[in-house]
Amino acid sequence: MIKETHDKRLYERYLAVRLHLEGHSFTEISRLLGLVRQTISIYWRNYQEKEIDGLFLEHSPGKPCRLNNEQHEQLTHLLIHELPADVGFEARYTWTLPLIVAWIKQEFSVEYSVRGVSKMLKRLGFSFTKVTYTLAKAVPEAKVAFKDTTFPELKSKLEDGTIDHLLFEDKSMIRAY
């Protein structure tokens, strides 16, 4: 079965059991596989109770959430009612996962990965809007006019100091529906 599986986690479970059957201790196996000793013990116990079927474990819930309910509510309120620029992020008008990671660290002194924040937001009921290229759906004449006339005019105003900023929005937005 070890040779037939393509699932890395299942492979590790099979290998842990095999190594224990060959006489290795849980401590040795945990060191070899880079897993916690208790995890190896759980694999062995499940194998003893249900044989191979015991190694087909449910999805691991992972670590407990590092934010409490009040902090989740604060984050939810922030994403719905505030812009990144409102809370000190320079020239940011939509929330992105890296910005949320930075805000959580700044506000709660808790470090999250981008993937961790993505999973947490999904649990909180948020969905992500992918980038859309609306310019591709624009009227061809309007696109040409913008490219040939409007954009060069705006660029020259920026260069001569008539205007301070030229903003383009190109990131996805996070919304709660």
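The values are calculated or read from the model by the stated rules, or taken from the named source; none is laboratory data. Since this is a predicted model, take the numbers as computed values, not measurements. Cβ coordinates were reconstructed from backbone atoms using ideal geometry, including for glycine residues, and neighbour counts include every protein chain displayed.
The table for this structure:
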item	result
Selection status of LYS130, closer than 13 Å to CYS65 by Cβ and modelled with pLDDT under 90	no
Matching residues, the range 1-46, being of a type in the set (Gly, Ala, Ser) and touching a helix residue (DSSP H, G or I) at 6+ places or on another chain (Cβ under 6 Å)	ALA16, SER30, SER41
Number of the condition not met by TYR93 [criteria: (1) over 21 Å from GLU111 (Cβ atoms); (2) in contact (Cβ under 8 Å) with a residue 24 or more places away in the chain; (3) in a helix (DSSP H, G or I)]	(3)
Residue match in the range 52-61 (condition: part of a helix (DSSP H, G or I), at positive phi and over 26 Å from the mean Cα position of the chain (by Cα))	no
Out of LEU35, LEU19, LEU10, sole residue that is among the aliphatic types (A, V, I, L, M), in a helix (DSSP H, G or I) and without any contact (Cβ under 8 Å) to a residue 24 or more places away in the chain	LEU19
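Let's see how each residue does on (1) at pLDDT below 85; (2) within 19 Å of the chain's Cα centre (by Cα); (3) outside any helix (DSSP H, G or I):
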site: LYS105; (1), (2), (3): no, yes, no
site: LEU135; (1), (2), (3): yes, no, no
site: ALA142; (1), (2), (3): yes, no, no
site: ASP148; (1), (2), (3): no, no, no
site: SER156; (1), (2), (3): no, no, no
site: GLY161; (1), (2), (3): no, no, yes
site: HIS165; (1), (2), (3): yes, no, yes
site: PHE168; (1), (2), (3): yes, no, yes
site: ILE174; (1), (2), (3): yes, yes, yes
